[in-house]
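Structure first, commentary second.
The values are calculated or read from the model by the stated rules, or taken from the named source; none is laboratory data. Quick caveat: nothing in here was measured; it's all calculated off a predicted structure. In this analysis, Cβ positions are derived from the backbone assuming ideal geometry, glycine residues included, and neighbour counts consider all displayed protein chains. Heads up: the accessible areas ignore ligands, DNA and RNA and are worked out on the full protein's heavy atoms, side chains in. Shrake-Rupley method; radii C 1.70, N 1.55, O 1.52, S 1.80 Å.
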Amino acid sequence: MPNDNLKKLYVGALKDLYSAENQLVKALPKMAKAASARELRKGFELHLEQTKGHVQRLERIFRSLDEGPKGKKCVGMEGLVKEGSEVMEEDFTDAVLDAALIGAARRVEHYEIAAYGAVCEFARVLGETEHASLLEETLEEEKDTDEKLTELAKQINTQANQESHQKKHDQSRPDRKTARRVA
Ligand SMILES: [Fe+2]
């Protein structure tokens, strides 16, 4: 028999995730715009499309629960997004900014992986097998994104390291970053 309190916790956690995903739908285009490496920009754009799909999966679950998806603000994601916008304000060179964006994005992914892992388990124990498989699909996409970011970081960090050395040797070079600074 499903426990009413656990069900309440489950629905609350889903609402929190709904808020988190919607915050990301707004943040990812800004991160894509700030990225210099084409692959990173494309990665953010692809994850934006996936994130819209995550929102839709949650909406499907809410419909089957006969519940509205709104009513919570994910303050965890709010903080992570804020940290992401703070790195965009820094006066970093291109590859260093990309490295910082990857760091911010990986924090987001790990947060989501933990949150989806938890709701998946709630869904299973509550006997909501259909929800569990929908949530599992999203969980896999978050893990996949984290792996892609980890891969991308290898080349971008090396580039970032060289870029910093170059900058030290050529202090007179005008900062290209000001030209493409994001709003
Ligand atoms: Fe997501």
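Just to be sure I understand: with springs between alpha-carbon atoms less than 10 Å apart, which residue in 131, 110, 165 has the highest mean-square fluctuation in the Gaussian network model of the chain?
With Cα springs under 10 Å in the chain, the top fluctuation among 131, 110, 165 is at 165.
When ligands, DNA and RNA are left out and all protein chains stay put, how many square angstrom of accessible area per residue does the chain have with a 1.4 Å probe?
57
Which percent of the accessible area of the chain is formed by carbon and sulfur heavy atoms (probe 1.4 angstrom)? Kindly include the intermediate steps, with their values, before the conclusion.
Working: 5350 of 10380 Å².
For the chain, the apolar C and S fraction of the accessible surface comes to 52 percent.
Relative to the Cα centre, what is the charge dipole magnitude of the range 4-167, using +1 at the beta carbon of each Lys and Arg, -1 at the beta carbon of each Asp and Glu, and rounding to the nearest 20 debye?
Approximately 380 debye in magnitude.
With a 10 Å cut-off between alpha carbons and a GNM built on the chain, which of 23, 166, 56 moves the most?
Highest fluctuation among the options: 166.
Quick one: pull the percentage of alpha-carbon pairs in the range 4-167 with a separation above 26 Å.
Details: 4109 of 13366 pairs.
Summing the P(r) of the range 4-167 above 26 Å gives 31 percent of all pairs.
By the gyration tensor of its Cα atoms, with a ≥ b ≥ c the square roots of the eigenvalues, what is the shape of the range 32-90: rounded for a/c under 1.5, prolate for a/b over b/c, or oblate?
Details: a/c = 5.55, a/b = 1.67, b/c = 3.32.
Because a/c hits 1.5 or more and a/b fails to exceed b/c, the range 32-90 counts as oblate.
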